[in-house]
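Working notes, structure below.
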Amino acid sequence: MRALDYLGILSLLLALPTTHSLKAHDFKTCSQSGFCRRGRALSARAKEAGAAWKSPYSVDPSSIAIASDQATFTASVKSSLYPEINFGLELRVHDDGVVRVRMDEVAGLRKRYDEAASWALIAEPTVSKDIKWTAGKKDIRAVYGKKKELELVVTYEPLRVALLRNGKEQVVLNGQGLLHMEHFRTKTPAVTQTEEPAPKEGEEVVADEAQAVMKAENPRAWFEGDKEDDYWEETFGSWTDSKPKGPESLSIDINFPNHGTVYGIPQHATRLALPTTTGESPFFSDPYRLYNADVFEYLASSPMSIYGSIPVLHAHSADSTVGMFHAVGSETWIDVGHASDKSTETHWISESGILDLFLMPGPTPEDIFRQYSRLTGTTVIPAHWSLGYHQCRWNYVSSDDVRTVQKRFDEEDMPVDVFWLDIEYAEEHKYFIWDKKNFPDPVDMINDVAALGRKMVVIIDPHLKRTSDYPVYQKASELGLLVKTKSESEYEGWCWSGSSAWIDFFNPSVWDWWKTLFKPRQLASGWSWTESTEDVHIWNDMNEPSVFNGPEITMPKDNIHYGGWEHRDVHNINGMLFSNLTSQAVAERSDTPKRPFVLTRAFYAGSQRFGAMWTGDNMGTWEHMAVGVKIVLSVNIGGMSFAGSDVGGFFGNPEPEMLVRWYQVGAFAPFFRAHAHIDTKRREPFLLDQPYKGIIRDVLRLRYTMLPIWYTAFRETSVTGLPVLRPHYVMFPKDQGGFNIDDQYFIGSSGLLVKPVTEKGATQATVYLPEDQVYYDYFNHFAYRGAAKGKEITVPAVLHQIPLFVRGGSIVPTRERPRRSSKAMKRDPFTLRVALSKAGTARGELYLDDGETYAHRQGQFVWREIVAEKPAKKARTLKIESRDLGAARPAEAVDGAVLKTFDPENEYAKSIADVRVEKVVVAGLSGKPTSVKVEGGDELVWDFTPGVAAADKKEGIASVLAVKDPKVLIAKDWAIIIEW
Ligand SMILES: *[C@@H]1O[C@H](CO)[C@@H](O)[C@H](O)[C@H]1NC(C)=O
């Protein structure tokens, strides 16, 4: 939630500057940020100097030391501008080909922040065993990879790092000479600045000569500029950042000479393929900013920061994809430009921290996801219920309100799994403490919800009300666990709870203490949340952190965290630690650990390990609905698969048509929650008139029928790191026509392609088919035929219609009985939808486990492969076979656990031993069957509707065979033979 209303009141009460309105101008542009301005000025000078520009940084060849592991070398680096300053460079190659490049100032006046990677990475990566560095006169290089296709070249003077594949440069560091690590220095009296003499009229200025003169006369000014621009202090609005450490920014150009499209660096409200910020006519005038911020009513198209930051980029071309991750936690700005349509140049400007880059060689997007998740981990398999529908509002105002809303869902036969409570449940916004006036019986309320198989999610924010009657604050203050000001006193700021303090999650003493708070039983050692149960899960909001009266609505950068680090060093990482510890606390509160659900607003690289995110306080507009889809795709690129946007938009009162469309968007996002601002009218789906109410009920039910598909997709992401939502470039990396598509996407490996409608008044939609394959309309089996070079089709999309397709060659498992919650579906039978490819075959997967505990890590799961094959190409026989995959692919067991053996007869499998397949639907058979049998059994009951072929015989309603109750079991091997 956002602070607008609150601030209005607050500014009156506290005489805060009344000019303070929460709009774009509350956040810095690059030109208002000292280090960003310096970084951009550096690149402007480089551009002006042209060929004369030369990076002052070089490697001292005599310093090169190859480590005993052979995969790593270190060297010292000097800048010709500051020969007395030492920098150290370290390069190492990991066993999967990822290259880590680190550079730091050595024995400087102070230490640069070097811990970002320690929070982001799951473990210290293992280094490659087949690297051999060859140090020559001009460079040091290594050739590696299975076919020796990769080459790493580090040139000494100037320092330049290039990763090549088959002789082609994939990624180049400092190729433009924008590397600049501002060293620590002592403050000196201001230097008098020399004005550049203006060229006299008529005087010919030879650019190269002028450059040469300038460079010779004052090389530092030539490179760095001639003034100390905001080195020691910076003001923004009424705030002053004291910058006690002085300048320490880091600039580096990272270029992709053979890749014309880039994706990633979430979170920004923009297209998936990142528009330019430099060049002749940049799309955005500012660089992309990564600085977690609580941006009120964020713009629907902007490079501004919003709530989370993942410094990960994919650079893509039809030939190959290459990725990079910069482990930096401070504010970072990134310029993106294209010198040609085949290349991309990016310029990264960070306020502090070391250079710690991971170059991921690809060569496919899938490889990059694997490489990145080996570094930062995967999205864990969520609790099954959390893939259902979540009903939220600021606020359900009392326990009876919650009960009534639940009752209304049930009366209208609308499935829902979770009811949420925003901040008003807490007395004076003291989180954990119920407001007993309105929630007199919290545990009874929770139990009433749980009795119908549902859960509750309750908000816990990182700001603590500073009051003596709040045990959480009292203890944190007493133990010294709170963030401090630059003068080492407890930092106080304003947030929902009024005067507040912030827990410092960087402090290891916080970690165990925070977990004790969530124990739903009395502890001897202190306060714990006894008025809660295991059915309550957590929403971590405001963790950028949001501070209403702070600079840019966050904490002053000179605040101090554990270890003496400034807030500026760790700002973007801060929110991740909060959701990390909260998810651990929720998992560990019970004796048998259960999968936690924690929703976070702020995030960083690695946050995928701790739960879900949502796109924050969006607006109830069509633009926000559309850009929400793109943001969710882009955070999926950043590894955070469990993502969604507030259905309906947080602000505003969406008209019924918009609300229906928004539910259709939400039902196809991994995280599906409706939410609304306190000033909006109630808009629970049961309040709508017909036909809207009925359409939304169908959408909710559709989501529930597809839970097996979502759950299976999450299993896959938990193992491979491949995102749950897959845009075209990930699915079809060679298909140029799909590179810019970000309004339709695939769900996992299921073969489902969806294009949510985000336009008012739409009656049809244009859908891109990327290949020469059949795509079946999910609802009516109309078969569309794509083309090898890609093809657009137009499909009907009036209000109740969602353009949803099954790619030919897929088998999709669903559960089609309407239920009130996902828990009620646990033993429901399955439907298998077989969508035959143009070759007449198909394949699909289904993953199931108890959905709640960690028993799956011990092999308690069912993982099936269903395959439809023909004995020969022209045969008029189709065999649909269900096989066990757990035993077939034991090394790919779930959640990182490597199972040596897998027992298909495990306890979980036994618990669903009698769960049937109740229907098999086969689309696209080329003739009417003469027989449909379970292998070795009797003729089954079936029904065949012949196809209606269009004139070209490729398109039209496909034939549909519906096999009713084939009497086969979902967890068992079986085969159905169809002959025609
Ligand atoms: C966060 O989570 C990881 C597990 O993914 C754990 O190893 C780490 O120690 C946690 N704690 C903090 C404070 O980041």
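Each value in this text was obtained by applying a stated rule to the coordinates, not by laboratory testing. From a predicted model like this one, the values you see are computed outputs, not experimental measurements. Reconstructed Cβ throughout: ideal geometry from the backbone, glycine too, with neighbour counts over all protein chains shown.
Please compute the modelled spin-label separation between residue 186 and residue 487, points set 7 Å along Cα→Cβ, answer in nm with one decimal.
2.5 nm
Which value results when the Cα radius of gyration for region 579-723 is divided by 2.2 N^0.38 Å? Please list the in-between numbers first.
Values: Rg = 16.1 Å, N = 145, 2.2 N^0.38 = 14.6 Å.
Taking N as the residue count of region 579-723, the ratio is 1.10.
Between residue 965 and residue 759, what is the FRET efficiency for a Förster distance of 41 Å, r being their Cβ-Cβ separation, to the nearest 0.05?
Values: r = 41 Å, r/R0 = 1.01.
Taking R0 as 41 Å, the efficiency between residue 965 and residue 759 is 0.50.
Please compute the modelled spin-label separation between residue 681 and residue 137, points set 7 Å along Cα→Cβ, answer in nm with one decimal.
Label-label distance for residue 137 and residue 681, simple model: 8.1 nm.
According to a simple spin-label model (label point 7 Å from Cα along Cα-to-Cβ), what is the distance in nm between residue 411 and residue 229?
Result: 6.4 nm between the two label points.
Rounded to two decimals, what ratio of Rg to Rh does region 690-803 give with C-alpha atoms and a Kirkwood Rh?
With Rh from the inverse mean 1/r over Cα pairs, Rg/Rh is 0.97.
Mind checking the angle between helix 399-411 and the chain's longest principal axis? C-alpha axes, 0 to 90 degrees, to the nearest 10.
Compared with the principal axis, the helix lies near 50 degrees.
Which value, in nm² and rounded to one decimal, describes the direction-averaged projected area of the C-alpha convex hull of region 291-410?
The orientation-averaged projected area of the Cα hull of region 291-410 comes to 12.1 nm².
Which lysines does residue 168 reach when only Cα atoms under 27 Å apart count, and residues fewer than 8 places away in its own chain are ignored?
Within the straight-line cut-off, residue 168 pairs with 47, 54, 129, 132, 137, 138, 146, 147, 148, 342, 734, 789.
If you build the Cα gyration tensor of region 220-304 and take the root of 5 times each eigenvalue, what three semi-axes come out, in whole angstrom, biggest first?
28, 21, 12
What Rg and what Dmax come out for region 286-343 when only alpha-carbon atoms are used, in angstroms?
Here Rg and the maximum Cα pair distance are 13.6, 41 Å.
Against the longest principal axis of the chain, how steep is helix 567-588, in degrees 0 to 90 to the nearest 10, with axes from Cα atoms?
30 degrees
Volume per residue, Å³, of the convex hull around the alpha-carbon atoms of the chain?
Once divided by residue count, the hull of the chain is 188 Å³.
Helix 508-517 against the longest principal axis of the chain: what's the angle in degrees, Cα atoms only, rounded to the nearest 10?
So the helix axis and the longest Cα principal axis differ by about 30 degrees.
Defining a contact as two alpha carbons under 8 Å apart and six or more residues distant in sequence, what relative contact order in percent does the chain show? Show your work: numbers first, answer last.
Values: 2425 pairs, mean separation 89.7, N = 980.
After rounding, I find 9 percent.
Taking 56 Å as R0, compute the FRET efficiency from the Cβ-Cβ separation of residue 928 and residue 301 and round it to 0.05.
With R0 = 56 Å, the Cβ-Cβ based efficiency is 0.60.
From the phi of every residue in region 167-182, what ³J(HN,Hα) in whole Hz does the Karplus formula 6.51 cos²θ - 1.76 cosθ + 1.60 yield, where θ is phi - 60° and glycine or proline is x?
For region 167-182, the Karplus-derived couplings read x, 9, 5, 9, 9, 10, 9, 6, x, 9, x, 9, 5, 7, 9, 5 Hz, x marking Gly and Pro.
Nearest 20 debye, what's the magnitude of the dipole of region 829-980 about its Cα centre given +1 on Lys and Arg Cβ and -1 on Asp and Glu Cβ? Each step should come with its number before you reach the end.
Details: 23 positive and 24 negative charges, 178 e Å.
Its charge dipole is roughly 860 debye.
What is the log10 of I(q)/I(0) for region 26-173, computed with the Debye formula using one identical point scatterer on each Cα and no solvent, at q = 0.12, 0.20 Å⁻¹?
One equal scatterer on each Cα of region 26-173 leads to -0.63, -1.36.
At q = 0.21, 0.22 Å⁻¹, what is the base-10 log of I(q)/I(0) for region 337-472 according to the Debye formula with one equal point scatterer per Cα and no solvent? Please give it to two decimals.
These q points yield log10 I(q)/I(0) values of -1.25, -1.33.
Going through the cross-link list 465/519; 78/187; 486/515; 465/594, which pairs have a Cα-Cα distance over 26 Å in this structure?
Violating the 26 Å Cα-Cα cut-off are 486/515; 465/594.
Specify, per residue and in Å³, the volume enclosed by the convex hull of the alpha carbon atoms belonging to region 829-980. Walk me through the intermediate numbers first.
Values: hull volume 19.4 nm³, N = 152.
Taking only Cα atoms, region 829-980 has a hull volume of 128 Å³ per residue.
Give me the number: length gained by fully extending residue 74 to residue 451, i.e. 0.36 nm times residue separation minus the C-alpha to C-alpha distance, one decimal in nm.
129.6 nm
If you build the Cα gyration tensor of region 242-291 and take the root of 5 times each eigenvalue, what three semi-axes come out, in whole angstrom, biggest first?
Equivalent-ellipsoid dimensions as semi-axes: 25, 15, 12 Å.
Find how much the distance from residue 623 to residue 591 grows on full extension, using 0.36 nm per residue of separation minus their present alpha carbon separation; answer in nm with one decimal.
Result for the pair: 6.9 nm of gain on full extension.
Quick one: Cα convex hull volume of region 215-364, Å³ per residue? Kindly include the intermediate steps, with their values, before the conclusion.
On the way: hull volume 22.2 nm³, N = 150.
Per residue, the Cα convex hull of region 215-364 comes to 148 Å³.
One quarter of the convex hull surface, Cα atoms only: what value does that give for region 404-496 in nm²?
Numbers: hull surface 30.3 nm².
In nm², the orientation-averaged hull projection of region 404-496 is 7.6.
Taking a point 7 angstrom from the Cα of residue 881 along the C-beta vector, which residues in region 921-938 have backbone N less than 18 Å away?
933-937
Tell me, in nm to one decimal, what length is gained between residue 106 and residue 903 on full extension, where the rule is 0.36 nm per residue of separation less the Cα-Cα distance?
Details: separation 797, 0.36 × 797 = 286.92 nm, distance 5.41 nm.
Extra length available between residue 106 and residue 903 comes to 281.5 nm.
Can you tell me the FRET efficiency between residue 869 and residue 44 if r is taken as the Cβ-Cβ distance and R0 is 60 Å, rounded to the nearest 0.05?
The computed FRET efficiency comes out at 0.45.
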